[in-house]
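Asks: Quick one: this structure, given as structure tokens, is what I'll be asking you about.
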Amino acid sequence: MKKIIFLVAAAVALPLVLQFTNNLFYVSLASRILIYALAATSLNLVLGYGGMISFGHAAFVGTGAYVASILFVEGVTSAWIAWPAALAAAALAALLIGAVSLRTRGVYFIMITLAFAQMMFYLVNSMKVYGGDEGLTLPRRPDLGVDLGNEVAFYYVVLLILLLSLFLLARLAGSRFGRVIVAIRENEQRAEALGFPVYRYRLACFVIAGAAGGLAGALLAAHGRYVNPNVLHWTQSGTLMIMVILGGVGRLWGGVLGAVALLGLEHLIADYPLGWLAALAPNYQQHAGLAVGLVLLAVVLLAPQGIAGLFSRNTRARA
Amino acid sequence: MSWVLIAEQSLNGLQFGLMLFLLAAGLTLVFGIMDMINLAHGSLYMLGAFIAASLVQATGSFVLGVVLAVPATALLGMALEVVLLRTLYQRDHLSQVLATFALILILNEAVRLVWGSDAPLPMPVSLSGPIELLPGLFYPAYRLLIIGVGLAVAIFLYVLILRTKIGMLVRAGASNREMALAMGVNIRLLFTLVFGVGAALCALAGALLAPLLAVQVGMGENILILAFVVIVIGGIGSIRGALVGALLVGVVDTIGRAFLPIAFGAFLPPQVASAAGPAIASVAIYLLMAVVLFVKPQGLFPAR
């Protein structure tokens with residue numbers, strides 16, 4: 001509990017600290033990290049709690065991003081309409097994709113979720129009316145009642161949404177529904193034998209995660225005032241998976257820690273030249289992917305519990 | 001729409017399908033025998049193409065360069081298997097996906113460091129012209145060469161897997177690993193060998209497709225997904241499934257892109273057709289895969 005209060009206090013205080021140290025431009029980066037934290041957290045519900053290795057989560061993030069952006073272009077500039085609509089559309093997409101995908105198991109499930117996400121990727125690519133492969137640029141952020149154009153205000157809105165989502169996830173994980181989901185992950189046959197409708201529980205879990213992913217997508221589009229088909233590319237799904245694994249699979253804070261660690265690492269490498277490293281390899285900052293890959297490989301091989309696992313006393317194996 | 005166009009597009013589909021088969025064959029064996037998801041398979045394809053580009057330039061001969069690139073990539077692949085991938089067999093799918101995804105990032109940057117973002121691999125001049133197959137049907141000689149090599153390799157693999165002792169061991173490993181192990185098959189060696197063959201096929205496909213597409217960082221990522229679609233349609237671990245799946249995907253994709261916009265134009269207003277045609281064509285293979293999995297959740301030719 002103390003750790004959580006500390007983390008939340010740090011997140012709330014961040015813009016003030018940045019203001020005092022004259023680094024206010026980092027608030028925008030912080031918002032982006034928090035949005036990815038929400039997306040990764042939603043994937044963690046499926047991946048960690050539900051044990052369903054979905055390799056197509058970018059489809060739902062992308063659906064949310066595109067629905068919110070298209071509504072804006074078509075004249076619906078209120079976030080109060082656009083964001084719930086993005087959430088609902090992503091939930092619908094998850095319902096359809098999940099209904100088919102969840103009939104398969106194991107590797108086939110991984111691949112069919114991937115295939116559906118690729119399908120959506122090519123579909124938005126061919127939507128010439130809405131930018132095609134060039135994407136959509138929005139003139140400004142949507143209207144919410146507070147001025148979202150103000151980076152600090154936007155940051156607090158995103159933080160509030162993320163904290164609410166984490167609270168709901170914690171409640172969900174502790175509820176009867178959450179326990180059944182975990183039981184299905186641990187032993188599907190046993191859960192089935194106990195009389196739980198396994199398929200329906202899984203589908204519900206998949207849809208909830210998809211909806212949250214859609215909300216993250218809408219926030220992402222608002223943050224950058226831009227959306228393009230790459231939000232649906234399969235490497236995006238892979239990146240979200242990396243965040244979850246890096247942070248901690250099936251742990252409440254896993255998605256958040258993973259997003260902070262991964263995006264933080266990328267920006268550290270790109271923005272802060274290290275003298276001694278630059279002396280060894282002059283262009284190393286253009287090769288951030290190499291460092292990210294190596295760190296990731298080390299985490300998979302050496303710390304399968306993720307970052308959250310390093311801080312937790314409860315080291316019960318969970319893979 | 002003339003018969004020439006149809007014949008041309010069918011040949012294009014066959015050519016694309018055979019190249020997909022080269023990629024999918026290695027992937028399905030690794031997948032089926034070792035129960036290992038190797039996302040870095042596409043990176044071997046990229047590596048093979050870059051190595052071929054360098055060797056072609058160094059030797060001055062297209063054939064020699066490609067022929068040398070194949071064993072070189074196979075050795076690299078086997079080294080990768082021994083050093084890293086071997087430790088992943090016992091891990092769950094999630095760890096495998098993540099570790100090999102990390103490998104994609106690492107290999108992409110490594111290639112960028114060694115070669116830069118792209119490398120030239122021009123088509124041999126002697127093969128750049130068209131050949132008249134039938135009166136009125138001209139077809140690029142280089143694409144015919146690809147079809148020929150692809151068919152030869154497909155037949156070779158087919159015989160190797162279905163008619164030889166090694167092939168029998170491979171099939172035994174794919175259908176029941178524990179039993180094969182209990183019967184005294186040296187699985188470790190077999191795995192390394194299969195991985196080497198997979199890498200060699202990747203290099204061959206990469207080098208042959210290079211003059212048609214482009215040798216660049218990230219070239220393996222989209223084609224990797226197509227190869228996965230192929231083996232999921234065909235049934236994981238089945239070489240026959242990989243062949244059928246690859247030809248299906250190659251033909252459906254090529255024919256779809258060529259003819260769906262025309263077909264849509266026949267009964268839809270031009271604006272709708274020009275938008276909907278390419279859209280449906282680009283998702284056609286994913287639809288095909290979804291339908292196949294819905295009807296046969298284990299693919300067309302399940303290995304187990």
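Asks: Of the residues B:Ala266, B:Ala210, B:Ala273, B:Ala180, which is closer than 28 Å to B:Leu18 by Cα and not acidic (Asp, Glu)?
Replies: Answer to the check: B:Ala210.
Asks: Could I ask something else about it? Just one of the numbered conditions (1) out of contact with any Phe, Trp or Tyr (no Cβ under 8 Å at 6 or more places or on another chain); (2) outside any helix (DSSP H, G or I) is not true of B:Ile236; which one?
Replies: B:Ile236 satisfies all of (1) out of contact with any Phe, Trp or Tyr (no Cβ under 8 Å at 6 or more places or on another chain); (2) outside any helix (DSSP H, G or I) except (1).
Asks: Among the numbered criteria (1) at pLDDT below 85; (2) closer than 30 Å to A:Ala94 by Cβ; (3) not β-branched (Val, Ile, Thr), which one does A:Phe206 miss?
Replies: (1)
Asks: Taking region A:224-244 on its own, how many of its residues are of a type in the set (Val, Ile, Thr), more than 12 Å from the chain's Cα centre (by Cα) and not in a strand (DSSP E or B)?
Replies: Number of matching residues: 1.
Asks: Is at least one residue of region B:96-112 farther than 30 Å from A:Thr239 by Cβ and either under 22 Å from the mean Cα position of the chain (by Cα) or in contact (Cβ under 8 Å) with a residue 24 or more places away in the chain (or both)?
Replies: The answer is no, given that none of the residues of region B:96-112 is farther than 30 Å from A:Thr239 by Cβ and either under 22 Å from the mean Cα position of the chain (by Cα) or in contact (Cβ under 8 Å) with a residue 24 or more places away in the chain (or both).
Asks: Quick one: A:Phe167 ticks every box in (1) closer than 23 Å to A:Leu45 by Cβ; (2) within 11 Å of another protein chain (Cβ to nearest Cβ); (3) among the aromatic types (Phe, Trp, Tyr) bar one, so which box is it?
Replies: Unmet for A:Phe167, out of (1) closer than 23 Å to A:Leu45 by Cβ; (2) within 11 Å of another protein chain (Cβ to nearest Cβ); (3) among the aromatic types (Phe, Trp, Tyr): (2).
Asks: Another question about this same structure. Any idea which residue in region A:86-127 is farthest from the other protein chains (Cβ to nearest Cβ), counting only those that are outside any helix (DSSP H, G or I) and closer than 22 Å to B:Asn38 by Cβ?
Replies: Among residues in region A:86-127 that are outside any helix (DSSP H, G or I) and closer than 22 Å to B:Asn38 by Cβ, the one farthest from the other protein chains (Cβ to nearest Cβ) is A:Arg105.
Asks: Could you please find all residues in region B:199-225 being modelled with pLDDT of 90 or more and either small (Gly, Ala, Ser) or closer than 20 Å to A:Gln118 by Cα (or both)?
Replies: Within region B:199-225, B:Ala199, B:Ala200, B:Ala203, B:Ala205, B:Gly206, B:Ala207 qualify.
Asks: I need the full set of residues from region B:273-297 which are within 11 Å of chain A (Cβ to nearest Cβ) and modelled with pLDDT under 75, in order please.
Replies: Result: B:Ser274, B:Ala275, B:Ala276, B:Gly277, B:Pro278, B:Ala279.
Asks: Please go through region B:81-95 and pick out each residue that is surrounded by 21 or more Cβ atoms within 10 Å (Cβ to Cβ) and either among the polar types (S, T, N, Q) or at pLDDT 90 or above (or both).
Replies: Across region B:81-95, the qualifying residue is only B:Glu81.
The values are calculated or read from the model by the stated rules, or taken from the named source; none is laboratory data. As the structure is a computational prediction, the values presented were derived from the model and not from experiment. Backbone-built Cβ (ideal geometry, glycine too); neighbour counts: all protein chains shown.
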